[in-house]
Amino acid sequence: MYEAVAVDLLPELPDTETCDSGYDWIERMRSEGTGWHEVAGKADGRLLGDWPYQVVAHFNDDERSLYGLALYTEGDVRVEGFRDRAARDKAVNAYVQDDD
């Protein structure tokens, strides 16, 4: 089991009200310097999400042992916080795109 982190410890994500798609959300993350970044796939080559409808994003702060996982799905955003990078990376497996 992992130690959950209150999501208010994580930096804010862009407001999705002004985003037409996941691509807009990604651009806002980059331009606003949120510390969050989109993740297209895992190291083993499996894709994450279904861009532009579903986008996975990570936040990494090794100094504070603070890691975030955000999921944008057609304008809605779900955020989870972790104290362990490996636990966050395991949680992201739920968003691996099926080959079907």
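The values are calculated or read from the model by the stated rules, or taken from the named source; none is laboratory data. Predicted model only: the values in this text are computed from it and were never measured. Cβ placement follows ideal geometry from the backbone for every residue including glycine, while neighbour counts extend to all protein chains displayed.
Exactly one residue among GLU63, GLU3 is out of contact with any His (no Cβ under 8 Å at 6 or more places or on another chain) and at pLDDT 95 or above, and that residue is GLU63. Hey, could you check the stretch 45-74 for residues that are surrounded by fewer than 14 Cβ atoms within 10 Å (Cβ to Cβ) and small (Gly, Ala, Ser) and say which is farthest from SER21 (Cα to Cα)? The selected residue is SER65. If you go through the stretch 75-85 and pick out every residue that is touching a Phe, Trp or Tyr at 6+ places or on another chain (Cβ under 6 Å) and either without any contact (Cβ under 8 Å) to a residue 40 or more places away in the chain or surrounded by 16 or more Cβ atoms within 10 Å (Cβ to Cβ) (or both), you end up with 2.
Starting from residues that are free of Cβ contacts under 8 Å to residues at least 60 places away in the same chain and in contact with a Phe, Trp or Tyr (Cβ under 8 Å, 6 or more places away or on another chain), keep the ones in the stretch 15-24 and report whichever is surrounded by the most Cβ atoms within 10 Å (Cβ to Cβ). Restricting to residues being free of Cβ contacts under 8 Å to residues at least 60 places away in the same chain and in contact with a Phe, Trp or Tyr (Cβ under 8 Å, 6 or more places away or on another chain), the top hit is GLY22.
Tell me the residue from GLU27, GLU32 that is in contact (Cβ under 8 Å) with a residue 12 or more places away in the chain and among the acidic types (Asp, Glu), please. Being in contact (Cβ under 8 Å) with a residue 12 or more places away in the chain and among the acidic types (Asp, Glu) holds for just one of GLU27, GLU32, which is GLU32.
The residues of the stretch 31-62 that are farther than 18 Å from ASP76 by Cα and more than 13 Å from the chain's Cα centre (by Cα), listed by number, are SER31, GLU32, GLY33, ALA43, ASP44, GLY45, ARG46, LEU47, ASP61, ASP62.
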